[in-house]
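Worksheet: one structure, shown below.
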Amino acid sequence: MARTNKTQYAILGMLNYQPMSGYDIKKISDHSIGHFWNENYGNIYPVLKRMMKEGLVTMELQQGDSAPPRKVYTITVKGRQVFLDWLAGSPERQILRKELLLQLFFGQWISFETIEDKLHSESAFCSSMIKNLQQIMDHLEDDHGKNLPEQSVGTFAAGLPYWRMTVEFGLRYYQGIREWCDTSLHELSQIDKGEKR
């Protein structure tokens, strides 16, 4: 299934909380699912337009006091059923594709220093992600949904255990890669010592 098709499920999931504009969907996605699923406006708006044609969402223009009218989207009964059907289905398996590993595989043709720099850089990136995710984890329980629309705050308690699981996955994922970087740097130092003898 193409990525665009998966985007519709992220959008339908967000609209399951309450009606939102495209801007709202992007903002709330960044604060919630953004650590494992990135969506941009280039994906969101075309998919919203297609979902309207398919009857999965409806759109209403809401006029503000001074601001231009906002396009606010609401999930339909059909859209909610499509979302629930996808939610109950099996996720697509993704084969690992990581450029660092490809470069490391051919590492014999570059200097040890270059490889070390790559591993140190990856480790630093993982440390940064771990720090960010730990902050999310620390604030999940006392956040009280401040990054969610007011009408959806009531669903916060029900969603919390599942949100924590996604953050825990991220923490373990980046911790594992950081540990691998440390092990690889150690192995690299042993290779370097062996070649200098």
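The values are calculated or read from the model by the stated rules, or taken from the named source; none is laboratory data. Treat the numbers as computed from the prediction; the structure is a model and nothing was measured. For neighbour counting, all protein chains shown are included, and Cβ atoms are generated from backbone atoms with ideal geometry for every residue, glycine included. Side chains included, ligands, DNA and RNA excluded: accessible areas come from the protein's heavy atoms. Shrake-Rupley method; radii C 1.70, N 1.55, O 1.52, S 1.80 Å.
Here are the numbers for this structure:
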| quantity | calculated |
| --- | --- |
| Residues of the stretch 72-90 satisfying the condition of being over 12 Å from Leu15 (Cα atoms) and surrounded by fewer than 16 Cβ atoms within 10 Å (Cβ to Cβ) | Lys78, Gln81, Leu84, Asp85, Leu87, Ala88, Gly89, Ser90 |
| Ser123 being touching an Asp or Glu at 6+ places or on another chain (Cβ under 9 Å), among the hydroxyl-bearing types (Ser, Thr, Tyr), at pLDDT 95 or above and in a helix (DSSP H, G or I) | yes |
| Residues within the stretch 104-120 that are part of a helix (DSSP H, G or I) and β-branched (Val, Ile, Thr), tallied | 2 |
| Tally, over the stretch 91-108, of residues that are over 16 Å from Ala10 (Cα atoms) and of a type in the set (Asp, Glu) | 1 |
| Selection count, the stretch 169-186, where residues are closer than 13 Å to His120 by Cβ and touching a Leu at 6+ places or on another chain (Cβ under 6 Å) | 3 |
| Filtered residues of the stretch 26-56 (kept if in contact with a Leu (Cβ under 8 Å, 6 or more places away or on another chain) and modelled with pLDDT of 90 or more) | Ile28, Met51, Leu56 |
| Filtered residues of the stretch 91-103 (kept if open to solvent by less than 100 Å² (accessible area, probe 1.4 Å) and assigned to a loop (DSSP other than H, G, I, E, B)) | Pro91, Lys98 |
| Residue that is farthest from Gly22 (Cα to Cα), among those in the stretch 60-79 that are within 26 Å of the chain's Cα centre (by Cα) and polar (S, T, N, Q) | Thr76 |
| Pairs, first at pLDDT below 95 in the stretch 155-184, second open to solvent by 80 Å² or more (accessible area, probe 1.4 Å) and assigned to a helix (DSSP H, G or I), C-beta under 9 Å, six or more apart | Leu160/Glu141; Arg164/Glu141 |
| Residue that is least open to solvent (accessible area, probe 1.4 Å), among those in the stretch 41-63 that are in contact with a Pro (Cβ under 7 Å, 6 or more places away or on another chain) and not aliphatic (A, V, I, L, M) | Gln62 |
| Members of the stretch 106-117 that are open to solvent by 60 Å² or more (accessible area, probe 1.4 Å) and in contact with a helix residue (DSSP H, G or I) (Cβ under 9 Å, 6 or more places away or on another chain) | Ile110 |
| Pairs, first under 12 Å from Ser189 (Cβ atoms) in the stretch 104-120, second among the hydroxyl-bearing types (Ser, Thr, Tyr) and part of a helix (DSSP H, G or I), C-beta under 9 Å, six or more apart | Phe112/Ser189; Ile115/Ser184; Glu116/Ser189; Leu119/Ser184 |
